[in-house]
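The values are calculated or read from the model by the stated rules, or taken from the named source; none is laboratory data. Everything numeric in this text was worked out from a predicted model, so none of it was measured. Glycine gets a Cβ as well: all are built from the backbone with ideal geometry, and neighbour counts include every protein chain shown. Only protein heavy atoms, including side chains, enter the accessible area calculation; ligands, DNA and RNA are left aside. Shrake-Rupley method; radii C 1.70, N 1.55, O 1.52, S 1.80 Å.
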Amino acid sequence: MIPIRDTAPCYSKPYVTWGLMIIWIVIFVSMKLMPDEMSVRLLNIYGMVPIRYSSTRWAAVANIPFDYYFSFISNLFLHGNWMHLVANLLFMWIFGDNVEDRMGRLPFLVFYLICGFFASILQWYFDPMLAIPVVGASGAIAGVLAAYFFLYPLERVILFLFPILVPVPAIAFLGIWVMIQLHDATTSVLFEGGTIDVAWWAHIGGFITGCILYRLFLKEQKV
């Protein structure tokens, strides 16, 4: 069930959306071209490693200086692998332009960063001793999805269900997406010790933040 486009009209060029996507790609490719040791070091510094903020002793041993929580923002521009990057690019391409259209460029950028920041906070809160970097724009994109959920509930999201295309209401598609996140996040808490390769709580944190704040960033509509 892969979304490929939506039917919501967009009346302005989504330069911030495009700019963020380009930044993700440039950073990802640049890190792939680096020596592995340097790339890992940058991921540990600019990715959000929860234990770094929960244990000063761990941070000292790992030689990672305190950054005043900067990685809660910087991790939004990093990605772990090609699939992770492509998935985020796809969701941002489909949903980001319409939300940016309704908010305006600068408010949309601020909204994106705030959602990502609180997404990182929730992931840290629920998994404070995780010693691997949490990276990716997914938490911030979850906030964008929340805004889309309320702004365009009856627009259609076109899904690719091999071999056909199926249009479904955005409210249904995003509602199912939220339920999946809730299930997987609570499962990751109930079954501690398992391998978790997706920051489910970041997704939920970003979505909740988007639900609460999106109205504050909307442009006044002309009548």
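For this structure, a couple of remarks:
- Residues with amide H under 5 Å from that of VAL134, placed H, sequence gap 5 or more: MET48, VAL49
- Using the alpha-carbon positions of the stretch 26-109, Rg (one decimal) and Dmax (whole number) come out as 15.8, 47 Å.
- Residues of the stretch 1-29 with amide N under 17 Å of a point placed 7 Å along Cα→Cβ from ILE164: 1-4
- The stretch 81-131: C-alpha gyration tensor shape, a/c 1.5 cut-off, then a/b vs b/c: oblate
- In this structure the amide hydrogen of VAL157, modeled in the peptide plane, comes within under 5 Å of the amide hydrogens of VAL168, ALA170, none closer than 5 places in sequence on its chain.
- Rounded to the nearest 20 debye, dipole of the stretch 80-167 from Cβ charges on Lys, Arg, Asp, Glu: 40 debye
- Size descriptor for the stretch 83-223, Kirkwood hydrodynamic radius: 15.7 Å (Cα pairs only, one decimal).
- Extension gain for SER39-LYS219 works out to 60.8 nm (0.36 nm per residue, less the C-alpha to C-alpha distance).
- Average accessible surface area per residue within the stretch 1-83, 1.4 Å rolling probe, Å²: 61 Å²
- Net charge contributed by nearby residues that have their C-beta within less than 13 Å of SER74 (K/R +1, D/E -1): 0
- Exposed loop positions in the chain were taken to be GluC sites (Glu not before Pro) whose DSSP state is not H, G, I, E or B and which have at most 15 other beta-carbon atoms within 10 angstrom. Between these positions, the longest stretch is 1-191.
- Top positive-direction residue, dipole computed over the chain with Cβ charges, set VAL40, THR17, ILE204: THR17
- For the stretch 105-117, Karplus couplings with θ = phi - 60° (6.51, -1.76, 1.60), whole Hz, Gly/Pro x: 5, 5, x, 5, 4, 4, 4, 4, 5, 5, 4, x, 5
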